[in-house]
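Student: Here it is: the structure, laid out below.
The values are calculated or read from the model by the stated rules, or taken from the named source; none is laboratory data. Note that this is a predicted model, so its numbers are computed, not measured. Note that each Cβ is placed from the backbone with ideal geometry, even for glycine, and that neighbours are counted across all protein chains shown.
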Amino acid sequence: MDRANRVMGIYKANEQAEEYCVVAVLESHVEAEAAVKKLQQTGIDLKKCSIVGRENLIGEQVIGYSYAGDRVEHWGKLGVFWGGLFGLLGGSAFLLIPGIGPVLVGGTFVSAIAGALEGAVVGGGFSALGAAFFNIGVPPGSIIDYETAVKQDRFVVIVHGNSAEVNQAKGILESPIMQEKRAYS
């Protein structure tokens, strides 16, 4: 991924007249959490935000995920990080994706993954994760970049919304905490 080209452009989804998204790749869970807090502090509706990351298996550590009432609990190396975000983002999933491993997703992107799996859209050489990126308007040439980022234990932050909301989020995410950002719809 080209670190010099942080913002590649804003793309409009064919199916959704006013639906856009901005996608940011961050190096660590600390940076991802800081980005989500910054979005929240500036008034971005976190119910329109998503985060995708891989849980790195270490030794014999148990990785778990459960839903109890209105709380999602996660056990693993990043349990506190994921547990806090799941409550803020509204929606969560734990997936074992062949070729990628255990992936956790918080936010509206869970629906894109479910849609990819239910619609048997997983094709074109994409994993379920890649098909979900395709479903939200990410061009095929960029999908591999995001799958690779997750495989490399980096975190993907996605903000959905209309043009104004996505442009506001893009401006917020343009900071030293972010390595790469692209906008799509």
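Student: Would it be correct to say that Val157 is in contact with a helix residue (DSSP H, G or I) (Cβ under 8 Å, 6 or more places away or on another chain), β-branched (Val, Ile, Thr) and under 17 Å from Ala35 (Cα atoms)?
Tutor: In short, yes.
Student: Related question: Taking into account only those residues within the stretch 30-59 that are assigned to a loop (DSSP other than H, G, I, E, B) and either at pLDDT below 90 or polar (S, T, N, Q) (or both), which is surrounded by the fewest Cβ atoms within 10 Å (Cβ to Cβ)? Talk me through it step by step, then tell me what you get.
Tutor: If we filter the stretch 30-59 for residues that are assigned to a loop (DSSP other than H, G, I, E, B), which is where we start, we get 42-45, 55-59.
Next cut, either at pLDDT below 90 or polar (S, T, N, Q) (or both) only: 42, 55-59.
On the way: Thr42: 11, Glu55: 21, Asn56: 13, Leu57: 12, Ile58: 9, Gly59: 4.
It comes out as Gly59.
Student: Right, something else. Enumerate the pairs (first residue in the stretch 152-171 and over 12 Å from Val23 (Cα atoms); second residue anywhere and among the hydrophobic types (A, V, I, L, M, F, W, C) and crowded, with 18+ Cβ neighbours inside 10 Å) with beta-carbon separation below 6 Å, excluding pairs fewer than 6 apart on the same chain, so at least 6 apart or on different chains.
Tutor: Arg154/Val25
Student: To continue, here is another question. Among the listed residues Ala93, Ala114, identify the single one that is small (Gly, Ala, Ser), surrounded by fewer than 21 Cβ atoms within 10 Å (Cβ to Cβ) and part of a strand (DSSP E or B).
Tutor: The unique qualifying residue is Ala93.
Residues checked against (1) crowded, with 21+ Cβ neighbours inside 10 Å; (2) modelled with pLDDT under 85; (3) within 19 Å of Tyr20 (Cβ to Cβ):
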position	(1), (2), (3)
Pro98	no, yes, no
Pro102	no, yes, no
Val110	no, no, yes
Gly119	no, yes, no
Gly124	no, yes, no
Gly130	yes, no, no
Phe133	yes, no, yes
Val138	yes, no, yes
